[in-house]
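K.L.:
What follows is a single structure, and I will ask about it in a moment.
The values are calculated or read from the model by the stated rules, or taken from the named source; none is laboratory data. The model shown is predicted, which means the values in this text are computed figures rather than measured ones. Virtual Cβ from ideal backbone geometry, glycine too; neighbours counted across all protein chains shown. The protein model used for the area step is the full one, side chains on, heavy atoms only, and it has no ligands, DNA or RNA in it. Shrake-Rupley method; radii C 1.70, N 1.55, O 1.52, S 1.80 Å.
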Amino acid sequence: MRIGYLRVSTKTQNPDRQVDGLRDLCDKLYIERLSAVADKRPVFDQVLGELKRGDTLFVWDLDRAFRSTEDALFHEKALRKRGIKFHAMNFEIETQSAEGRYAYILAAAAAERERMKISERTIEGLNAARARGQRLGPPAKMTDAQIIAAKAKIDAKQATLASIAAASGVHPSTVLRSIRRLEQSTEMQN
């Protein structure tokens, strides 16, 4: 049997590129929507459990299946010992020959390097955005004006944290965090 394993890092990412590349080659496709660094990858574990001697595991790209060079080497060796062939489509690598294994090792190292470079670029971009004063993450649930008004009402005992939260459509902890965050930013400016 020819089994394809596909992975995208988030639930919103689209696996169509991988599906299109593997659909005609595989009897079965398994799609996982999970970061490669997740502690557990249930679909990947299921695929490994279903593979039998003589089967072939297809992946579109090494970094879709493996977290690191070490991980790629470990799994390739385990598959080989079980009599399961492995095929990475983007490099057209077969691991049955010495040349194929060598190419596999180089490709795994290159995939790990690329993953590390993406991470570095992401961190650099986030740091640059923070340095420019950009707020990262989802939009604030309360405006500064709403937070100031809420704090004034709480301080004057005109409203409770719970009543302000209910009126604002947020959880009381959101109101409290927002007040603390605004106080901290005001202290930092003074």
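K.L.:
When the solvent-accessible surface of protein heavy atoms is calculated with a 1.4 angstrom probe, in what order do Val175, Val37 fall, highest first?
P.N.:
Sorted by accessible area, descending: Val37, Val175.
K.L.:
Let me ask something additional. Ignoring ligands, DNA and RNA, please state the percent of accessible area on the chain from carbon and sulfur, probe 1.4 Å. Can you show the working numbers first?
P.N.:
Details: 6660 of 12090 Å².
About 55 percent, which is the carbon plus sulfur part of the accessible surface.
K.L.:
Name the long-range amide H neighbours of Arg2: under 5 Å, sequence gap of 5 or more, or other chain; modelled H, no Pro or chain starts.
P.N.:
Asp27, Lys28, Thr56
K.L.:
Say we join alpha carbon atoms closer than 10 Å with springs in a Gaussian network model of the chain; which of Arg180, Arg33, Arg67 then has the biggest fluctuation?
P.N.:
Arg180
K.L.:
With +1 on each Lys and Arg Cβ and -1 on each Asp and Glu Cβ, how big is the dipole of region 93-190 about its Cα centre, in debye rounded to the nearest 20? Could the numbers behind the result be given before it?
P.N.:
Working: 15 positive and 10 negative charges, 98 e Å.
The dipole magnitude comes to about 480 debye.
K.L.:
Past the 18 Å Cα-Cα mark, which pairs from Lys11/Lys117; Lys52/Lys81; Lys28/Lys85; Lys52/Lys85; Lys11/Lys52?
P.N.:
Lys11/Lys117; Lys11/Lys52
K.L.:
With each run of n ≥ 4 DSSP H residues scored as -39500 (n - 2.57), what mean residue ellipticity at 222 nm is computed for the chain after dividing by its residue count and rounding to the nearest 500 deg cm²/dmol?
P.N.:
Taken over the chain, the calculation gives -17500 deg cm²/dmol.
K.L.:
Based on alpha-carbon atoms only, what is the radius of gyration of region 8-147 relative to the globular estimate 2.2 N^0.38 Å?
P.N.:
Dividing the Cα Rg of region 8-147 by 2.2 N^0.38 Å gives 1.33.
K.L.:
Measure out, as a whole number of angstrom, how far apart the alpha-carbon centroids of region 90-113 and region 34-53 sit.
P.N.:
One Cα centre to the other: 20 Å.
K.L.:
Rg and Dmax of region 97-190 over Cα atoms: what are they, in angstrom?
P.N.:
When restricted to Cα atoms, region 97-190 yields Rg and Dmax of 23.6, 78 Å.
K.L.:
Specify the residue with the greatest mean-square fluctuation among Arg177, Arg64, Arg53, computed from a Gaussian network of the chain linking alpha-carbon atoms under 10 Å apart.
P.N.:
Of the options given, Arg177 has the highest mean-square fluctuation.
K.L.:
Short version: ³J(HN,Hα) in whole Hz for each residue of region 159-175, in order, from phi by Karplus 6.51 cos²θ - 1.76 cosθ + 1.60 (θ = phi - 60°), x for Gly and Pro, what are they?
P.N.:
7, 9, 4, 5, 5, 5, 4, 4, 5, 8, x, 10, 7, x, 5, 5, 4
K.L.:
Hey, if you put +1 on the Cβ of every Lys and Arg and -1 on every Asp and Glu Cβ in the chain, which of Thr12, Gln146, Val43 ends up farthest toward the positive end of that dipole?
P.N.:
The residue sitting most towards the positive pole is Gln146.
K.L.:
Which translational diffusion coefficient, to the nearest whole µm²/s, is obtained for region 76-130 from the Stokes-Einstein equation, given a Kirkwood hydrodynamic radius over C-alpha pairs, 10 °C and 1.306 mPa s?
P.N.:
Working: Rh = 13.1 Å.
Once the numbers are plugged in, D ends up at 121 µm²/s.
K.L.:
Residue by residue through region 116-129, which ³J(HN,Hα) values in whole Hz follow from phi under the Karplus form 6.51 cos²θ - 1.76 cosθ + 1.60 (θ = phi - 60°), with glycine and proline marked x?
P.N.:
5, 5, 4, 4, 4, 5, 5, 4, 4, x, 5, 5, 5, 5
K.L.:
Right, something else. Could you provide, to the nearest whole Å², the per residue accessible area of the chain with probe 1.4 Å?
P.N.:
Details: 12090 Å² over 190 residues.
Result: 64 Å² per residue.
K.L.:
Now for a different question. Using the Cα centre of region 46-158 as the reference point, and only Cβ charges (+1 on K/R, -1 on D/E), how large is the resulting charge dipole? Debye, rounded to the nearest 20.
P.N.:
600
K.L.:
Nearest-5 percent of antiparallel DSSP beta bridges in the chain?
P.N.:
10
K.L.:
Anyone know which of Ile148, Ile84, Ile31 comes out most mobile in the 10 Å Cα GNM of the chain?
P.N.:
Looking only at Ile148, Ile84, Ile31, the largest GNM fluctuation is found for Ile148.
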